[in-house]
Amino acid sequence: MTTKSDISLAFAHPVERAEASASADPRDRISLRDHVVEADIGAYQKERGQKQRLRFNVVVEVRPPRAPLEDDVDRILSYDRITEEIAAELAQSRVNLLETLAEKVAERILAEPQAMRAFVRIEKLDVGPYALGVEIARSRAEVPLRHEGAAVHPLVVYFDNDSLASEGLAARIDALAARGLPMIFCVGLPETPAPQTGHRPTQRRIDLLAIEQNAWVLAARDPRCVVVASRSEIDWAMKRGGSVVWAPSKLVLDAVDGPQDRTPVALALWLAEEVAAAALVVHGDVSVPAGSRVGVERG
């Protein structure tokens, strides 16, 4: 049975939620109240490209200090770390859901050595004459450890249409695989012209989807080429030495500071920089933008 106190607690500040669910051995707490930032977030098309105000209220339960603090800021979990983790997550990539953002912020906070449990409330302030939000509570035991292995530097490989249709495609992939590095394959626009809308935002989406059609053509030609869209899928494959074909729409549209040049080879170069690739290997007579931080090879 729901009581009045249950209802009151449901809408209480995270500090009160933390107090109500404290263990018999309560921990110290630090809190961040009414921290308002602007971000591009939302699942609906009308929300893309539009900054919205988000209000964060965060409470972190921390382990007691094992030695005297001696008034030294380096021995505590600083309030600045909470705001920095929020800013870092918002800069990482665009997200659709407040739930996703709350999970990622909680994971970042719980990676701090002192943090044991985190309460994160995020509210949208510009959706109407009210606030819409989510609140989550996560403990250190629920958050998976971050990957601590050696850095992975894959090959990013670009195939033009002639290379894609070549009888020697499998041999090219064999030669690249002999380097012993995971690979991300990128392709260009198909020969068939894409529909033209005369409207830049929709044309970008159509062109990205056309590239993805060609990605599936590559997948059909070689079983080693598995089409993926998300950064998580790419990272998972790279850590296991696999090879994938990049479908660019999701990463490009979700990027906070995405590529300005959206020609196919420029997108491949942008991805190579994003994943700290060992090199971008280009097959075909295409021009590569100058000034890359990643070395470019001709296949």
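Read-outs throughout are calculated quantities, based only on the coordinates presented, and are distinct from any laboratory measurement. Note that the coordinates shown come from a computational prediction; the quantities given were computed from them, not determined experimentally. Ideal geometry is used to build each Cβ from the backbone, glycine not excepted, and the neighbour counts take in all protein chains shown.
What the table below lists for this structure:
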{"quantity": "Net charge, G299 excluded, C-beta distance under 14 Å - Lys, Arg +1, Asp, Glu -1", "calculated": "-2"}
{"quantity": "Most positive-pole-ward Cα, S166, V226, A268, against dipole of the stretch 155-298 from beta carbon charges", "calculated": "V226"}
{"quantity": "Estimated distance in nm for a label pair at S31 and N161, the labels positioned 7 Å out from Cα along Cα-to-Cβ", "calculated": "6.2 nm"}
{"quantity": "Ranked packing of 286-296, 93-103, most packed first, by mean Cβ within 10 Å", "calculated": "93-103, 286-296"}
{"quantity": "Value in Å of the Kirkwood radius, where the stretch 155-298 supplies the Cα pairs that are averaged", "calculated": "15.3 Å"}
{"quantity": "Environment charge of I136, counting only residues whose C-beta is closer than 9 Å and scoring Lys/Arg +1, Asp/Glu -1", "calculated": "-1"}
{"quantity": "Virtual spin-label span in nm between Y130 and R221, 7 Å along Cα→Cβ", "calculated": "5.4 nm"}
{"quantity": "Overall form of the stretch 88-138 per C-alpha gyration tensor (a/c, 1.5; a/b vs b/c)", "calculated": "oblate"}
{"quantity": "Residue-span extension gain [D261 to D80] - 0.36 nm each, minus C-alpha spacing", "calculated": "61.6 nm"}
{"quantity": "Cut-off under 5 Å, modelled amide H: who pairs with G133 long-range", "calculated": "K124"}
{"quantity": "Overall form of the stretch 84-186 per C-alpha gyration tensor (a/c, 1.5; a/b vs b/c)", "calculated": "oblate"}
{"quantity": "Length-normalised contact order for the stretch 155-298 - Cα pairs under 8 Å, 6+ apart - percent", "calculated": "31 percent"}
